[in-house]
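Accompanying notes for the structure given below.
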Amino acid sequence: ATGSGIRLPEDTVTLSGKQPDTKSAEKPSDSAEPAQAEPKPGENNTATSTTAEDPAIQAQIAKLKQTEEKVKAHEAAHKAVGGNLASSASYSYTRGPDGQSYITGGEVQIDMSDGRTPQETISRMQQVIRAALAPADPSGQDRAVAAAAASRMAEAQQQKLQAGSPTSNADPAQP
């Protein structure tokens with residue numbers, strides 16, 4: 001049967017015009033012919049039964065779905081906070097035992113280039129830090145990006161202080 005817990009969430013929304021849960025269609029009151037509720041009963045029932053009856057396969061699929069949701073949320077957090085400094089997310093996929101592809105990794109590129117002024121660099125690095133640490137569970141790479149941005153922000157703060165210091169730029173108009 002269609003959508004028996006194997007399809008990805010976006011598959012049921014974008015690729016199928018049918019509701020993901022067709023259990024109610026099996027009732028005679030909802031459908032005049034049971035054959036219409038289950039197209040291709042031989043093929044689908046065999047594949048679904050094998051998958052549905054094997055707890056190890058069910059567990060693998062459940063874990064892949066859980067991982068996919070975590071990865072999507074993680075990368076969406078980077079993108080949402082990163083704004084114009086963040087690229088769209090790119091994902092890596094793993095094929096599950098049911099033949100479906102599941103997202104198991106991802107990344108969002110963050111622009112860490114300096115601004116035109118020290119203050120602009122400070123603002124950009126603050127946004128990079130927020131974006132890198134935005135997910136509920138930042139990875140080691142996320143923390144490394146935040147640390148690199150903090151270092152560049154400190155450098156920009158030093159540049160800003162030196163540029164504003166009267167001793168660094170002796171003004172000939174002052175005594």
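Laboratory data are not the source of any read-out in this text; all were calculated from the coordinates shown. All of these numbers come straight from a predicted model, not from anything done at the bench. Cβ atoms come from the backbone with ideal geometry, glycine included; neighbour counts cover every protein chain shown.
Quick look at the numbers
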quantity: Protection proxy ranking, peptides 102-110, 121-129, average beta carbon neighbours within 10 Å, highest first; calculated: 121-129, 102-110
quantity: Stretch gain in nm, segment Arg130-Thr117, where the contour uses 0.36 nm per residue and the Cα spacing is subtracted; calculated: 2.7 nm
quantity: Surrounding net charge for Ile57, when Lys and Arg each add one and Asp and Glu each subtract one, Cβ distance under 14 Å; calculated: 0
quantity: Summed side-chain charge close to Val108 - residues other than Val108 whose Cβ falls under 11 Å, Lys, Arg +1, Asp, Glu -1; calculated: -3
quantity: Residue list for region 120-148, given a label point 7 angstrom along the Cα-to-Cβ vector of Gln159 and an amide N cut-off under 17 Å; calculated: 120-129, 148
